[in-house]
Amino acid sequence: MSQNLQNAIVESSHQLYSSLPAHGKPLIRSNGVPEWTILSTFSLVVLQPQIGPQTRVIPISLGTGVKCLPYSKLSEYGDTLHDSHAEIIARRGFLRWLLWQAHLQAQVTRGERVEEELFVEIREEEGDRGRLRLKDGVQMWLYISMLPCGDASTYYTSVHQPAEEASQWSATDDDHSRPSNMGVIRGRNGYTAISTLRTKPGRPDSIPSISMSCSDKIASWSALGIQGGLLANLFRPIYLDGIIVGGVERPVNTHGRQIDAYEWEEKIKRELERSLWGRLESIKDHLTSPHQLHLASIYLTSIPFEHSKISIIHDPHNDSSNLEPSPSPLSLSHLPFLLSTHPKKGIKPEIIAEGGILGFPWKKGVLIKEKGRSRICKLSLLIEYEKLLLNEKAKILGITNDGTYYGYKHLTVFGREYQQNKIILRGIPGQFQSVKGLEKFEEISSTGVAGSPKIKDEPPFRGWLVSGKQFESFTSSGQIYR
């Protein structure tokens with residue numbers, strides 16, 4: 001991939017972010033403390049060999065954020081975003097884009113004219129029952145302005161960790177080259193252990209989250225695809241073609257000098273490759289077609305993101321440079337492909353706080369009103385998904401279930417296929433272990449033994465925390481089936 005194309009993906013992401021209103025972006029608080037955030041985008045890279053070397057880059061989903069909900073605040077209605085880290089916000093926006101493209105394809109199939117461009121197609125293959133796929137020449141790229149939390153940034157964190165911050169966490173392994181068998185680790189505990197499942201970082205004294213790290217989730221996409229379990233009914237597995245990561249600063253060595261730039265970048269790229277697909281090598285021959293272990297290309301960029309922590313710290317115009325920047329409590333989700341109800345103003349980004357739209361506080365056991373729900377939460381995606389099943393499509397795809405989100409993911413032909421590959425990756429959910437601080441939540445399970453006697457290797461993601469059926473037994477009308 002050319003440097004120009006890498007830069008085009010990053011710069012188009014930054015330009016899209018810069019075009020958004022200031023509301024919801026990091027600011028300087030009343031006490032002078034500046035805020036920072038992480039930016040992530042999913043972008044189409046459309047190759048056009050018929051008109052020469054020209055290639056189009058189209059950002060389709062933008063997310064910012066560094067927050068997630070603790071287990072005690074998870075909703076059973078699917079109406080909140082459990083994980084509001086930038087990469088996950090952007091990926092959920094990508095799911096909404098897939099649903100939009102599926103709607104366009106359905107219109108074309110009915111003989112209707114569509115103005116928007118189609119990037120997906122139906123290509124009949126044995127056993128595929130008319131599922132969609134990206135057209136040839138259409139690639140999907142992920143940009144992240146900072147190393148993803150969890151395993152991919154473990155080495156980076158260990159060499160940059162200030163002594164006072166490191167003391168808050170218990171270091172359990174001083175060997176950076178040795179994979180850990182610690183199971184799932186909370187946040188940065190044992191921050192020098194590698195190839196380990198981790199939950200989202202957070203204050204050591206905060207209520208734990210069961211949301212797995214971004215490194216773990218991105219790695220799972222390398223085996224299962226980025227379309228997820230629900231949309232596996234409509235799409236063949238879709239894999240990332242490449243990942244571009246920014247915000248990688250060189251550390252200072254023991255002599256007070258920065259290490260060689262090339263050596264450092266190669267080390268970080270190897271760490272990303274190891275974390276995002278290398279630690280899954282043991283299952284590459286066990287995944288069932290069309291699933292595969294897909295090796296996305298990895299690149300680093302030196303182009304700074306304006307609201308990254310590094311940019312805020314080094315900003316010469318920052319009058320609060322002596323104050324430690326704090327993460328923004330808000331997230332943004334922007335879907336530029338959606339049609340606006342006010343064409344002159346364009347589509348507005350969503351500002352997300354505590355898992356819902358800012359200004360609509362979450363109350364336990366109460367369904368959030370439609371205007372307070374994000375368009376990328378599970379319930380919103382389920383509503384859009386069911387609009388595609390109001391014809392013979394459901395029968396063709398073998399979709400027969402109780403109408404719950406869980407049923408569509410687990411009780412359909414392609415849902416079962418997806419879940420079987422997930423078991424190969426993680427193992428079978430059960431009461432195997434818990435994370436310190438979550439012992440009282442007995443309904444939380446984690447994955448354990450392999451799902452088939454034919455697979456002798458231990459699942460590489462054994463220990464993955466699972467909220468389970470309890471949080472997916474809702475229908476598009478907001479009903480819950482226990």
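Okay, here's what the table says:
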{"read-out": "Pairs, first under 19 Å from residue 95 (Cβ atoms) in segment 105-128, second assigned to a loop (DSSP other than H, G, I, E, B) and among the aromatic types (Phe, Trp, Tyr), C-beta under 9 Å, six or more apart", "value": "116/337"}
{"read-out": "Any hit, segment 115-123, residues being open to solvent by 10 Å² or more (accessible area, probe 1.4 Å) and closer than 28 Å to residue 212 by Cβ", "value": "no"}
{"read-out": "Residue under evaluation residue 81, criteria (1) touching a helix residue (DSSP H, G or I) at 6+ places or on another chain (Cβ under 8 Å); (2) open to solvent by 20 Å² or more (accessible area, probe 1.4 Å); (3) modelled with pLDDT of 95 or more, criterion not met", "value": "(2)"}
{"read-out": "Filtered residues of segment 107-131 (kept if among the aliphatic types (A, V, I, L, M) and modelled with pLDDT of 95 or more)", "value": "118, 120"}
{"read-out": "Residue under evaluation residue 299, criteria (1) open to solvent by less than 20 Å² (accessible area, probe 1.4 Å); (2) at pLDDT 95 or above; (3) not polar (S, T, N, Q), criterion not met", "value": "(1)"}
{"read-out": "Residue selected from segment 424-482 under the condition of a type in the set (Gly, Ala, Ser) and at pLDDT below 75, by the criterion nearest to the chain's Cα centre (by Cα)", "value": "434"}
{"read-out": "Residue ID - surrounded by the most Cβ atoms within 10 Å (Cβ to Cβ), chosen from residues in segment 329-382 that are within 27 Å of residue 28 (Cα to Cα) and of a type in the set (Val, Ile, Thr)", "value": "352"}
{"read-out": "Residue 235, sole failed condition from (1) open to solvent by 10 Å² or more (accessible area, probe 1.4 Å); (2) aromatic (Phe, Trp, Tyr); (3) in contact with a helix residue (DSSP H, G or I) (Cβ under 9 Å, 6 or more places away or on another chain)", "value": "(1)"}
{"read-out": "Residues being at pLDDT 95 or above and over 20 Å from residue 59 (Cα atoms) - total across segment 328-351", "value": "3"}
{"read-out": "Check on residue 288, of a type in the set (Val, Ile, Thr), loosely packed, with under 13 Cβ neighbours inside 10 Å and touching a residue at least 24 places away in the same chain (Cβ under 8 Å)", "value": "yes"}
{"read-out": "Only listed residue being of a type outside the set (Phe, Trp, Tyr) and in a loop (DSSP other than H, G, I, E, B), chosen from 207, 218, 243", "value": "207"}
{"read-out": "Some residue of segment 56-66 being open to solvent by less than 50 Å² (accessible area, probe 1.4 Å), among the polar types (S, T, N, Q), farther than 17 Å from residue 358 by Cα and modelled with pLDDT of 95 or more", "value": "yes"}
{"read-out": "Residue in segment 34-48 that is part of a strand (DSSP E or B), farther than 30 Å from residue 187 by Cα, open to solvent by 50 Å² or more (accessible area, probe 1.4 Å) and touching a Ser or Thr at 6+ places or on another chain (Cβ under 9 Å) present", "value": "yes"}
{"read-out": "Subset of segment 391-412 (residues that are open to solvent by 50 Å² or more (accessible area, probe 1.4 Å), at pLDDT below 90 and within 26 Å of the chain's Cα centre (by Cα))", "value": "411"}
{"read-out": "Which numbered condition residue 146 misses (of (1) surrounded by fewer than 20 Cβ atoms within 10 Å (Cβ to Cβ); (2) modelled with pLDDT of 95 or more; (3) assigned to a loop (DSSP other than H, G, I, E, B); (4) not β-branched (Val, Ile, Thr))", "value": "(1)"}
{"read-out": "Evaluation of residue 11 against (1) buried (at least 21 other Cβ atoms within 10 Å of the Cβ); (2) out of contact with any Phe, Trp or Tyr (no Cβ under 8 Å at 6 or more places or on another chain) (one fails), failing number", "value": "(1)"}
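The values are calculated or read from the model by the stated rules, or taken from the named source; none is laboratory data. None of these values were measured; they are calculated from a predicted model. Glycine gets a Cβ as well: all are built from the backbone with ideal geometry, and neighbour counts include every protein chain shown. Side chains included, ligands, DNA and RNA excluded: accessible areas come from the protein's heavy atoms. Shrake-Rupley method; radii C 1.70, N 1.55, O 1.52, S 1.80 Å.
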